[in-house]
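Readers should treat all values here as calculations from the given coordinates under stated rules, not as data from a laboratory. All figures in this text were calculated on a predicted structure; none of them were measured in a lab. Every residue, glycine as well, gets a Cβ built from its backbone with ideal geometry; the counts of neighbours run over all protein chains shown.
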Amino acid sequence: MATWLITGISRGLGLELAKAVLAAGDTVIGTVRGAPPAIPETEGSAAAGRLHVLKADLANEGAAAEVVHRAFALAGRIDVIVNNAGYGLLGAVETSTDDQLRRLFDVDVFAPIRIVRTALPYLRTQGGGHIVTITSIAGRAPSVGSALYAAAKYALEGFSAALALEVAPLGIKMTAVAPGAFRTDFLSDHSVQWSGDADAAYADTIGHSNAVFAGNHGRQAGDPVRAAQVMLAAVRAESPPRQLLLGSDALRRAREKLSATIAEMDVWAAQTRNTDFPGS
Ligand SMILES: NC(=O)c1ccc[n+]([C@@H]2O[C@H](COP(=O)([O-])OP(=O)(O)OC[C@H]3O[C@@H](n4cnc5c(N)ncnc54)[C@H](OP(=O)(O)O)[C@@H]3O)[C@@H](O)[C@H]2O)c1
């Protein structure tokens, strides 16, 4: 049976994944900032020592590395590491602050990278493992009003894609999971952050997108319980995906983005090639 380290199991996707992993008979070391989550006893998981909760606020610089060291000290071996904890910063770029940006990147980008960096020597020593990073469809096909959040999630997508090549020969698998809109607390006041009020010139763009985001809370098509099952299946697959989309909206947006990218690339292909030295 496998041991998983999952960040952010207090709520949302992380909580549902922790429940699914426990129900499948695996062990979970999960991180929370506050009170431990109310996870129903799954076939004696707590009694059998299959659920461990560690405190970590990933906005703090040392927290990511510390939690990894504590988790390996606890379990000895960790098979799957899931970078799940994160939040959105939505709204206009113009009215965002340095503090907002720094915190977003601390939690959504630097913490996952630090977790992976700290875990890699352990994974190498034990002969392999699987790193799953929850990005977002905003990190592959961003929509208006998500520029800052998209910047963070694109960073993670790039990190995961390139690291996959670096660590594959070491037996370490990488999967970047990009969910569409899922019915978690993500868009609740408890989670999402907004940049400052946008100028009236943005009424049709940011004004509209902010209203749509806020109105979508609790109405998202994505079911976190089903997402957890798909993530579990992906990790257990013989050939796990390096990129996995969750949700029909994510699939549609990714397809549209890829088609538009290829179409534009083709229109400019001759100019693109014209930049090579002649004869090279
Ligand atoms: N739901 C969606 O539509 C959606 C779409 C695309 C991507 N995602 C991504 O999916 C992941 C999970 O989000 P969710 O939808 O499950 O949202 P959620 O319900 O708001 O849960 C967010 C989780 O992240 C934790 N977290 C936030 N800031 C943290 C910090 N500074 N230190 C430690 N933990 C922190 C939260 O812990 P606390 O309870 O302590 O706040 C909570 O466990 C995120 O990376 C998010 O960007 C979600």
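A few remarks follow.
- Result for the chain in a Gaussian network model with C-alpha springs under 10 Å: among 270, 119, 18, the largest mean-square fluctuation is at 270.
- Centroid-to-centroid separation of the range 93-107 and the range 228-244 [C-alpha atoms, Å]: 32 Å
- Of the trypsin sites (Lys or Arg not before Pro) in the range 69-124, the ones in a loop by DSSP (not H, G, I, E or B) with at most 15 other beta carbons within 10 Å are 77.
- Computed extension length for residue 211-residue 264: 16.0 nm, one decimal, from 0.36 nm per residue of separation with the Cα-Cα distance subtracted.
- Protection-proxy order for peptides 206-212, 175-181, each taking the mean of Cβ atoms within 10 Å per residue, highest first: 175-181, 206-212
- With coordinates expressed along the principal axes, the C-alpha atoms belonging to the range 112-168 extend over 43, 18, 13 Å, beginning with the largest.
- Dimensionless Rg ratio for the range 23-162, taking C-alpha atoms and the 2.2 N^0.38 Å reference: 1.15
- Once the chain from residue 65 to residue 276 is taken as fully extended at 0.36 nm per residue, the excess over their C-alpha distance is 71.6 nm.
- Note on the range 135-189: Cα-Cα pairs beyond 18 Å make up 42% of the total pair count.
- Two-decimal ratio, the chain, of alpha-carbon radius of gyration to 2.2 N^0.38 Å: 1.06
- Cα gyration tensor shape for the range 235-274, rounded if a/c is under 1.5, else prolate or oblate: oblate
- The range 172-275: trypsin sites (Lys or Arg not before Pro) in DSSP coil with no more than 10 other Cβ atoms inside 10 Å: 219
- Likely footprinting exposure, 190, 130, fewest C-beta neighbours within 10 Å first: 190, 130
- Potential extension, residue 97-residue 74 segment - 0.36 nm per residue separation minus Cα distance: 4.4 nm
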